[in-house]
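Here the structure comes first, spelled out in structure tokens, and everything after it is commentary.
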Amino acid sequence: MQKYSKRVLGLSESATIAVATLARKLQAEGKDVLSFSAGEPDFDTPKSIKDEAIRALNCGFTKYTAVAGIPDLLQAIAHKLKKDNNLDYEAKEIIVSNGAKQSLFNVFQSIIDDGDEVLIPSPYWVTYPELVIYSGGKPIFIETSEEYGFKARGTDFEKAINSRTKAIVLTSPSNPTGMVYTREELRVIADIAIKHNLWVISDEMYEKLMYDGEFVSIGSLDNEILQRTITINGLSKSVAMTGWRMGYAACKDNTLIKLMDNLQSQCTSNINSITQKASIVAINGGADDDIEYMREAFKERRDMACKLINEIPGLNVVKPNGAFYLFINIKKVNGYDGDSMKFCKALLEQVGVALVPGSAFGMDGFVRMSFACDLEQLKEGFIRINKFVCGKSL
């Protein structure tokens, strides 16, 4: 008899978390390390949200709640989705979970049977394929290119669809590239999903961190695509609430919502009661000024970082429209042949800069850099990267 579960043995550690953990370990050992690996804002959670959490704590709001979330929070989310995204969801069509990662886990566990295929554009967030595989499914990667903005086209999806295809995963703005699908591009994908009767899992975690263009939720295009869209969102990135663990899923299919509720009731039950109360403030607009301040700061960092990268011989980056990542092309750096893992390992060892290899996101030849840090740290990082690549300072 095998000692450990095959399902768990088949899971890989998150590469982004692994790099961030290694960087913290080296820093604790006294090494001079600049880490640009974690997808976490460097800003504190807004005061209005913390104040509401303290109020909830002092009022004794510390007991179990309904698994899917308290009514006021579900209603606030429904109102937000209509106001911000033109998505018509009722409170009963929403479930709150411990971060968007659990929301996605619930979704895949509830829709995937053994052998089902899920289409995932590459590069992708590292967790998507792991959750599909854990659920018994098979991730089918849709290759994209820098030339087309790292976005999958309709013809790319059509070629990959067969009788086993169950769902399409979309991330916009994207992690790791920061690219955003246009309304026209989403229309093409929506028509394909409708034609082939597929779920669309739309991860919209970075929607508030837009710098150029328009953010569009695919479910807002018409009622037909809304009926087959599972909208995923949360507060970790845009409101600097990573440690609070608040994510949610919205879906018009009441059976699917009930299945996710049943699953969550048997593993974690409700999310932290105090987080729920505090989240209402953020969702109802009580931290909008803070969100805009952070967005403007991220935009300034993006602009500076793109300029500095593109001045380093051998490196180039396409300016992202959203999120807080740069997906940097390293293919022309001598001595690495586009091997992103080899590049990142040497960069960390030689100049103390931690980036995440593109191979972790399904696309070698690139590295991901987070600009969720202050300008001075970014400038120092580029001085070190330039020294590593060119043997000289900027």
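The values are calculated or read from the model by the stated rules, or taken from the named source; none is laboratory data. Worth saying up front: this structure is predicted, and the values here are computed from it rather than measured. Every residue, glycine as well, gets a Cβ built from its backbone with ideal geometry; the counts of neighbours run over all protein chains shown. The accessibility values were calculated without ligands, DNA or RNA, using every heavy atom of the protein model including side chains. Shrake-Rupley method; radii C 1.70, N 1.55, O 1.52, S 1.80 Å.
Filtered by the rule that a residue be of a type in the set (D, E, K, R) and touching a Gly at 6+ places or on another chain (Cβ under 9 Å), the range 159-177 gives R164, K166.
Would the range 341-348 turn up any residue that is open to solvent by 20 Å² or more (accessible area, probe 1.4 Å), modelled with pLDDT of 95 or more and among the basic types (K, R)? No, every residue in the range 341-348 fails to be open to solvent by 20 Å² or more (accessible area, probe 1.4 Å), modelled with pLDDT of 95 or more and among the basic types (K, R).
If we scan the range 27-48, do we find a residue that is at pLDDT below 95, open to solvent by 60 Å² or more (accessible area, probe 1.4 Å), farther than 19 Å from D261 by Cβ and assigned to a helix (DSSP H, G or I)? Scanning the range 27-48, I find at least one residue that is at pLDDT below 95, open to solvent by 60 Å² or more (accessible area, probe 1.4 Å), farther than 19 Å from D261 by Cβ and assigned to a helix (DSSP H, G or I), so the answer is yes. Taking the range 207-312 and the helices (runs of 4 or more DSSP H) fully enclosed by it, the elements with 1 or more residues that are hydroxyl-bearing (S, T, Y) and surrounded by 17 or more Cβ atoms within 10 Å (Cβ to Cβ) are at 273-283. Among residues of the range 104-149 being assigned to a strand (DSSP E or B) and of a type in the set (A, V, I, L, M, F, W, C), the one that is nearest to the chain's Cα centre (by Cα) is I120.
So in the range 101-121, with the set limited to residues that are in contact (Cβ under 8 Å) with a residue 60 or more places away in the chain and open to solvent by 10 Å² or more (accessible area, probe 1.4 Å), which one is farthest from T268 (Cα to Cα)? Only one residue tops the list, namely I111. Within the range 81-100, the residues that satisfy the criterion of being assigned to a helix (DSSP H, G or I), in contact (Cβ under 8 Å) with a residue 40 or more places away in the chain and surrounded by fewer than 18 Cβ atoms within 10 Å (Cβ to Cβ) are D84, K92.
Assess whether I168 counts as being touching a residue at least 12 places away in the same chain (Cβ under 8 Å), part of a strand (DSSP E or B), hydrophobic (A, V, I, L, M, F, W, C) and surrounded by 20 or more Cβ atoms within 10 Å (Cβ to Cβ).
yes
When you look at S163, is it open to solvent by 40 Å² or more (accessible area, probe 1.4 Å), part of a loop (DSSP other than H, G, I, E, B) and either touching a helix residue (DSSP H, G or I) at 6+ places or on another chain (Cβ under 6 Å) or at pLDDT 95 or above (or both), yes or no? Against the criterion (open to solvent by 40 Å² or more (accessible area, probe 1.4 Å), part of a loop (DSSP other than H, G, I, E, B) and either touching a helix residue (DSSP H, G or I) at 6+ places or on another chain (Cβ under 6 Å) or at pLDDT 95 or above (or both)), S163 qualifies. When the residues of the range 183-206 are filtered to those that are assigned to a loop (DSSP other than H, G, I, E, B) and in contact with a Ser or Thr (Cβ under 9 Å, 6 or more places away or on another chain), the one that is surrounded by the fewest Cβ atoms within 10 Å (Cβ to Cβ) is H196. Only one of the numbered conditions (1) touching a helix residue (DSSP H, G or I) at 6+ places or on another chain (Cβ under 6 Å); (2) open to solvent by less than 10 Å² (accessible area, probe 1.4 Å); (3) assigned to a loop (DSSP other than H, G, I, E, B); (4) within 30 Å of G391 (Cα to Cα) is not met by P320, and that is (1). Determine if the range 352-362 includes at least one residue that is open to solvent by 10 Å² or more (accessible area, probe 1.4 Å), within 13 Å of M341 (Cβ to Cβ) and not in a loop (DSSP other than H, G, I, E, B). Within the range 352-362 (the criterion being open to solvent by 10 Å² or more (accessible area, probe 1.4 Å), within 13 Å of M341 (Cβ to Cβ) and not in a loop (DSSP other than H, G, I, E, B)), the answer is yes, since at least one residue qualifies. Whether any residue in the range 166-173 is within 18 Å of M205 (Cβ to Cβ) and among the small types (G, A, S) is what I want to check. Checking the range 166-173: at least one residue is within 18 Å of M205 (Cβ to Cβ) and among the small types (G, A, S). Taken across the range 57-75, residues that are within 30 Å of A23 (Cα to Cα), open to solvent by 20 Å² or more (accessible area, probe 1.4 Å) and either among the polar types (S, T, N, Q) or out of contact with any strand residue (DSSP E or B) (no Cβ under 9 Å at 6 or more places or on another chain) (or both) do not occur at all. Condition check: closer than 19 Å to P41 by Cβ and either polar (S, T, N, Q) or in contact (Cβ under 8 Å) with a residue 60 or more places away in the chain (or both). Does F361 satisfy that? Considered against the rule, which asks whether it is closer than 19 Å to P41 by Cβ and either polar (S, T, N, Q) or in contact (Cβ under 8 Å) with a residue 60 or more places away in the chain (or both), F361 comes out as no. Within the range 328-346, the set of residues being closer than 19 Å to P176 by Cα, in contact (Cβ under 8 Å) with a residue 24 or more places away in the chain and either in contact with a Lys or Arg (Cβ under 7 Å, 6 or more places away or on another chain) or in a helix (DSSP H, G or I) (or both) comprises G338, S340, F343, C344. Kindly establish whether I54 is free of Cβ contacts under 8 Å to residues at least 40 places away in the same chain and among the aliphatic types (A, V, I, L, M). Answer is yes for this residue.
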